[in-house]
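Colleague: Okay, here's the structure, questions in a sec.
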Amino acid sequence: MSALINKSRLIVQSTSKSIAGEAYRTLQTNIQFASLNKEIKTLLVTSTIPGEGKSTTISNLAIAYAESNKKVLLIDADLRRPSLHKMFSTSSRFGLSYLLTKQCKLEESIIDTFIPNLSLISSGPVVSNPYELLNSGALSSLLDDLKSLFDIILIDSSPLMPVSDSLIVSAKCDGVLYVIHYGKVKKEAAQKGIASLRNAEANIIGAVINNKKNHKVSYYY
Ligand SMILES: Nc1ncnc2c1ncn2[C@@H]1O[C@H](COP(=O)(O)OP(=O)(O)OP(=O)(O)O)[C@@H](O)[C@H]1O
Ligand SMILES: [Mg+2]
């Protein structure tokens, strides 16, 4: 694996000594420490507003896990502005929206990516009712089935403002990672987002401060 990265948002490389790659590996280690009391098998990423770096963070974290020999599944639960199929250059035809509406089989939807140990369930075709789909019991039972197939399931989602799709999913996951784009989101807005997750009884395991300017990723809990 050598020159995957600069073209896309995928930064972690096994052969890379890059500071950015190291930051995601450190993030993985920190999450493992944060989950000593409760095993985290399903981890959701969300943020306050669009464009804070959720998809970048969860994809690079997934690669870090895969490179440490974990069997990893990434799910694109951002049914409004999906992006993981583009990042990993796969089809989004048989993805989550099709699975939840029983229009495809589980085995059709799990795609191997170019990263060993890393599989992807893309968003599937965009639907008109993402909130209702994610709110259904179908997602809970799907996650239960997937937990026995993978060591860790990492889930991308939409931002909390202006829609609440990710609140629904957060309550179904073992942990939530909150991405904050340094200098872009207002402190009060981020605090409101975190409060709404707490109200939804989400288990926030930490915040990632994403600084695009210098590819810096810091973790706080
Ligand atoms: N740490 C980083 N360093 C450099 N560029 C970054 C970093 N994080 C994100 N970006 C860039 O910022 C843009 C938005 O990132 P990304 O798509 O991950 O955000 P998002 O929160 O998933 O957005 P959306 O809310 O639209 O789903 C992308 O062009 C991505 O390449
Ligand atoms: Mg995204």
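Colleague: Out of (1) in a loop (DSSP other than H, G, I, E, B); (2) away from ligand 1 (no atom under 16 Å from the Cβ); (3) without any contact (Cβ under 8 Å) to a residue 24 or more places away in the chain, the odd one out for I115 is which?
Modeller: (3)
Results for (1) in contact (Cβ under 8 Å) with a residue 12 or more places away in the chain; (2) under 28 Å from A34 (Cα atoms), shown as yes or no for each residue.
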site: S97; (1), (2): yes, no
site: I121; (1), (2): yes, yes
site: L134; (1), (2): yes, yes
site: L139; (1), (2): yes, yes
site: D145; (1), (2): yes, yes
site: S148; (1), (2): no, yes
site: I153; (1), (2): yes, yes
site: S158; (1), (2): yes, yes
site: L167; (1), (2): yes, yes
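Colleague: Run K86 past the list (1) assigned to a helix (DSSP H, G or I); (2) in contact with a Ser or Thr (Cβ under 6 Å, 6 or more places away or on another chain) and report the number of the one that doesn't hold.
Modeller: (2)
Colleague: Working only within segment 187-212, note down all residues that are farther than 23 Å from L133 by Cβ, in contact (Cβ under 8 Å) with a residue 12 or more places away in the chain and not β-branched (V, I, T).
Modeller: A189, A190, K192, G206, A207, N210, N211, K212
Colleague: Test N6 against the criterion of being away from ligand 2 (no atom under 16 Å from the Cβ) and modelled with pLDDT of 65 or more, and give yes or no.
Modeller: no
Colleague: Looking at segment 30-85, which of its residues are more than 13 Å from ligand 1 (Cβ to nearest atom), farther than 20 Å from I121 by Cα and not hydroxyl-bearing (S, T, Y)?
Modeller: N30, I31, Q32, F33, A34, L36, N37, K38, E39
Colleague: Where residues in segment 144-183 are closer than 20 Å to Y131 by Cα and surrounded by fewer than 18 Cβ atoms within 10 Å (Cβ to Cβ), which of them is farthest from ligand 1 (Cβ to nearest atom)?
Modeller: Per the criteria, the residue is D144.
Colleague: Here's another thing I want to ask about it. Would you be able to say whether some residue in segment 13-35 is at pLDDT below 95, in contact with a Leu (Cβ under 8 Å, 6 or more places away or on another chain) and assigned to a loop (DSSP other than H, G, I, E, B)?
Modeller: yes
The values are calculated or read from the model by the stated rules, or taken from the named source; none is laboratory data. All figures in this text were calculated on a predicted structure; none of them were measured in a lab. Cβ: placed from backbone, ideal geometry, glycine included. Neighbour counts: every protein chain shown.
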